[in-house]
Amino acid sequence: MLRGHTKPRLPEFLRVLDAITGRVADWVATLTDIELVPALADVHRRTQAVRHLVFDEPWAAALDLPGLDRREGGAARLAQRLGLTEGRVRALLSQLAQWHLLELAWPTEEARPP
């Protein structure tokens, strides 16, 4: 397919495009109203939310780094390691969790069971 010898069907082309770039929702959104493609609309909204969040709050990306232990010591320990306030770390984690971008390994104060 990549050599130009085949004529892939649209679903096959989109799978290859997504595998290579991870941005098939962006590509489709440039061609049509993404809300008309329900299978990609949520992915596109989430991607846009991440871009805006990371642009506005660059530390948000640091809270989802592989190997960063979010369990031990909670927000206070993360804040100390990153040089941020605990409140800012909690707010960033909350925003990431709101968009289902981060599975919290430890509950926030609000989410703890009674």
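Structure notes:
- Residues of the stretch 21-38 that turn out to be at pLDDT below 90 and over 18 Å from the mean Cα position of the chain (by Cα), as a count: 0
- The requirement of being β-branched (Val, Ile, Thr) and at pLDDT 85 or above is satisfied by Thr47.
Results for (1) modelled with pLDDT of 90 or more; (2) in contact with a helix residue (DSSP H, G or I) (Cβ under 9 Å, 6 or more places away or on another chain); (3) aliphatic (A, V, I, L, M), shown as yes or no for each residue.
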site	(1), (2), (3)
Ala19	yes, no, yes
Leu40	yes, yes, yes
Leu63	no, yes, yes
Gln95	no, yes, no
Glu103	no, yes, no
Pro114	no, no, no
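- For the stretch 26-66, a residue qualifies if it is hydrophobic (A, V, I, L, M, F, W, C) and assigned to a loop (DSSP other than H, G, I, E, B), and the qualifying residues are Val37, Leu63, Leu65.
- The one condition in (1) surrounded by 10 or more Cβ atoms within 10 Å (Cβ to Cβ); (2) at pLDDT 90 or above; (3) within 19 Å of His100 (Cβ to Cβ) that Arg15 fails to fulfil: (3)
The values are calculated or read from the model by the stated rules, or taken from the named source; none is laboratory data. Every value quoted in this text rests on a predicted model; they were computed, and no experiment measured them. We place every Cβ from the backbone using ideal geometry, glycine too, and count neighbours over all the protein chains shown.
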